[in-house]
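Since the structure comes first, as structure tokens, the remarks are kept for the end.
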């Protein structure tokens, strides 16, 4: 019968397309691994991960500054974002009126939609001069402004929509009755937030932080535009740095002209893939824990 | 008692300050782009392609990037939607074998988090291996890889919110499952699906890292899928560093147009959502 | 009374997970007229209903044993066309669910799927809405979203929808218990006017309602079919002890 034949065929097509998802993931991983293999075979892991010199024409590939650069700027961004997100999310879930929430949430969504180059523009035009002319001199430091601090600030603004929306959702999901049992005893709204909302919500907060970290780790363009791209381990907030994504982006073009360079860049991409993948799985595990706990 | 009140006040102020910081930052983002970009906007800017080379040529505008972005983002979004919808519907209806469904969703999560630069690098590797040149086609393919997991996840989440009683109502009339999916579920979830598609379009249009070496860059407007294409983000990125002020102006003009685009998408999706929810069953 | 049986149930057993929900049900549902199914809450009335149009298939972890014969053929046989079965057996649920479309499309949905009344769709829809007693209220706004209707109107819409595919049987699962008294009366009246043309199975937990509308009554008690009879016999002289106790309000 026509209708059943259609269903059978449609279902088959849909299943085939769905299978492309895990296939695609495996494919990407495999190909990156395959391309990264040459450099892993000719250089030791220790040399690659802990070496500080980067001179591809001499076949010296020390990823250390890049790895540290990425970690430092990401951690900085998280440090800035988390307290602000937490407080903002709490405000939105526990203090603000419906109307206010209705205006603020779309604005935050707007932040999420802004392309990274535009953040880069903001960074180069506002943040970098700010650091160069105001902030650094206040600490008696001279700098061009293209610094880890700039990268951290730009990243934090980019990550903010993600962390705050997850946290706000988690807080709002906590039933009113729980808050009421605290308020009815005479607790202030802040005490309720502290002892009820945050306590119940902290796994979700954790998940938000992890996802934010993951996003920040892989962000390329905006950071690239403000961080200076100097391949040295940053020693202070006012040093420039060179994160892994920027390494790939800046050197795409020369990849093929120097032996093993392409392999090195693919290794960088592989590192990014694994870190981000690992974080994603971690966040899922935490989410499952929350779900099971609330059942 | 006073200490507690003080604590409450203190944190309340802290919270408001935090929120304000973010909102003010948002304002400054818009502000900077408008201040630098608005003066750069002119009729020529949006109707002409760069003359004399995009990096050094003083004349012309960014029409190449505007049209290029439209082609690229539209192509990627359409391709992505034809892939995402079947997957999301399949997960909703047929992947009842729980392990399978959660495996797919986990893979989707990971793919969502993969940075666009990694997709770009991956794509570039494939292109080198098969000897393809950077072009509109490859830009579309790469960006599709980027936005499909996002679109699929969003729609998947949406479908979870379709009330189960609709299934009973439909099946009791003697429909097959696929008829239920195509006629009822999609209609119920339509506002959300549209929003997801529009947001993906925005993401596709705004990405730089994935298209950097896969789409090429050019002064001209592509006439076929094999031609290189310029996009607005690339226009900003490549022209910002130019020593020539007119070229820099083009970068800022591209920036403000991108911003306008984001605002438009946001407004359109909100508007469309509202119009379409009148049929949605609570 | 049982010469003209539309549905015959033979040794029907249903399990939800480990729960034995329907215990060895045997019944012969007469053709045409209203057969009420009464009994305390949770005794399997809805499950019995849902087994007739195989809507039970949608639930998880369900085990079914036995036969249900509709016009002679067992609906649980592997080669049964379930969509055709559901076309012949329509259903009203306790809470009416509109489809996410306008009123016209709601009623047109069934016929379109089954490719019925292709060029006479408008007439068919009008007819169904009239038989459901909703036409007057919606004829001017057929293109409005169905979601905007009141609960009573939605239930009548559900009735129109059920009628649109030309069923022979109507399964009604407490269709008036969520409605206000006036809407409830409306729905009852429509069903009463339909009973000469359709076999209507009507689950209710209100004895008064059952007394009002039934031609035949089935009494179920914790998964068992305890007694069956014409309405007059059933209410005047119930045979089983449990039936007597229920009717007197001592149990359930």
Matching entry among C:55, C:85 (being touching a strand residue (DSSP E or B) at 6+ places or on another chain (Cβ under 9 Å) and under 21 Å from residue A:5 (Cα atoms))
C:85
Mind checking which residues of segment C:156-176 are more than 12 Å from chain B (Cβ to nearest Cβ) and either without any contact (Cβ under 8 Å) to a residue 12 or more places away in the chain or closer than 14 Å to residue C:98 by Cβ (or both)?
C:156, C:159
Output the number of the condition that residue B:60 fails; it satisfies all remaining conditions of (1) away from every other protein chain (no Cβ under 11 Å); (2) over 22 Å from the mean Cα position of the chain (by Cα); (3) more than 23 Å from residue B:254 (Cβ to Cβ).
(3)
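Given the options B:209, B:204, B:230, B:196, name the one that is at pLDDT 90 or above, surrounded by 22 or more Cβ atoms within 10 Å (Cβ to Cβ) and at the interface with another protein chain (Cβ under 9 Å from one of its Cβ atoms).
B:209
Could you tell me whether residue B:250 is surrounded by fewer than 24 Cβ atoms within 10 Å (Cβ to Cβ) and assigned to a helix (DSSP H, G or I)?
No; evaluated as a whole, the condition is false for this residue.
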Within segment B:66-102, restricting attention to residues that are assigned to a helix (DSSP H, G or I) and at pLDDT below 90, which residue is farthest from residue C:57 (Cα to Cα)?
B:102
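Taking the condition more than 30 Å from residue C:235 (Cα to Cα), crowded, with 20+ Cβ neighbours inside 10 Å and at pLDDT below 90, does residue C:113 pass? Step through it out loud before you land on a result.
Numbers: more than 30 Å from residue C:235 (Cα to Cα): yes; crowded, with 20+ Cβ neighbours inside 10 Å: yes; at pLDDT below 90: yes.
It is true that residue C:113 is more than 30 Å from residue C:235 (Cα to Cα), crowded, with 20+ Cβ neighbours inside 10 Å and at pLDDT below 90.
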Answer yes or no as to whether residue B:215 is closer than 30 Å to residue B:165 by Cβ, within 14 Å of chain A (Cβ to nearest Cβ) and buried (at least 24 other Cβ atoms within 10 Å of the Cβ).
no
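Going residue by residue through segment A:241-249, is there one that turns out to be assigned to a helix (DSSP H, G or I), within 12 Å of chain B (Cβ to nearest Cβ) and out of contact with any helix residue (DSSP H, G or I) (no Cβ under 7 Å at 6 or more places or on another chain)?
Applying the first criterion (assigned to a helix (DSSP H, G or I)) to segment A:241-249 yields A:244-249.
Retained after the next criterion (residues that are within 12 Å of chain B (Cβ to nearest Cβ)): A:244-249.
Then drop every residue that is not out of contact with any helix residue (DSSP H, G or I) (no Cβ under 7 Å at 6 or more places or on another chain), which leaves none.
Within segment A:241-249, none of the residues are assigned to a helix (DSSP H, G or I), within 12 Å of chain B (Cβ to nearest Cβ) and out of contact with any helix residue (DSSP H, G or I) (no Cβ under 7 Å at 6 or more places or on another chain).
If we scan segment B:269-277, do we find a residue that is farther than 27 Å from residue B:88 by Cα and without any contact (Cβ under 8 Å) to a residue 60 or more places away in the chain? Don't jump to the end; show me each part of the working.
Step one: filter segment B:269-277 for residues farther than 27 Å from residue B:88 by Cα, giving none.
Checking segment B:269-277: not a single residue is farther than 27 Å from residue B:88 by Cα and without any contact (Cβ under 8 Å) to a residue 60 or more places away in the chain.
Residue A:96 - would you say it is more than 7 Å from chain B (Cβ to nearest Cβ), modelled with pLDDT of 90 or more and farther than 22 Å from residue A:243 by Cα?
Values: more than 7 Å from chain B (Cβ to nearest Cβ): yes; modelled with pLDDT of 90 or more: no; farther than 22 Å from residue A:243 by Cα: yes.
Answer is no for this residue.
Any chance you could count how many residues in segment A:175-206 are within 11 Å of chain B (Cβ to nearest Cβ), surrounded by fewer than 17 Cβ atoms within 10 Å (Cβ to Cβ) and not in a helix (DSSP H, G or I)? Even if it seems obvious, please write down each step before you answer.
Residues of segment A:175-206 that are within 11 Å of chain B (Cβ to nearest Cβ), as a first pass: A:186-194.
Next cut, surrounded by fewer than 17 Cβ atoms within 10 Å (Cβ to Cβ) only: A:186, A:194.
Now narrow it down to the ones that are not in a helix (DSSP H, G or I): A:186.
Of the residues in that region, 1 qualify.
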Only one residue in A:77, A:89 is in the same structural domain as residue A:178 (by TED's automatic domain parsing), under 17 Å from residue A:197 (Cα atoms), touching a residue at least 40 places away in the same chain (Cβ under 8 Å) and surrounded by 24 or more Cβ atoms within 10 Å (Cβ to Cβ), so which one is that?
A:89
Selection within segment A:106-142 - more than 7 Å from chain B (Cβ to nearest Cβ) and outside any helix (DSSP H, G or I):
A:139, A:140, A:141, A:142
So which residues in segment B:157-184 are more than 9 Å from chain C (Cβ to nearest Cβ) and assigned to a helix (DSSP H, G or I), if there are any at all?
B:157, B:158, B:159, B:177, B:178, B:180, B:181, B:182
Anything in segment B:117-145 that is without any contact (Cβ under 8 Å) to a residue 60 or more places away in the chain and over 23 Å from the mean Cα position of the chain (by Cα)? List them, or say none.
B:125, B:126, B:128, B:129, B:130, B:131, B:132
Of the numbered conditions (1) away from every other protein chain (no Cβ under 14 Å); (2) touching a strand residue (DSSP E or B) at 6+ places or on another chain (Cβ under 6 Å), residue A:230 satisfies every one except a single condition; which is it?
(2)
Filtering segment B:1-29 down to residues that are farther than 19 Å from residue A:183 by Cβ and either crowded, with 17+ Cβ neighbours inside 10 Å or facing chain A (nearest Cβ under 7 Å) (or both) yields B:14, B:16, B:18, B:19, B:21, B:22, B:23, B:25, B:26, B:28, B:29
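The values are calculated or read from the model by the stated rules, or taken from the named source; none is laboratory data. Keep in mind that this is a model prediction, so the values were computed, not measured. So basically every Cβ, Gly included, is an ideal-geometry build from the backbone, and we count neighbours across all protein chains shown.
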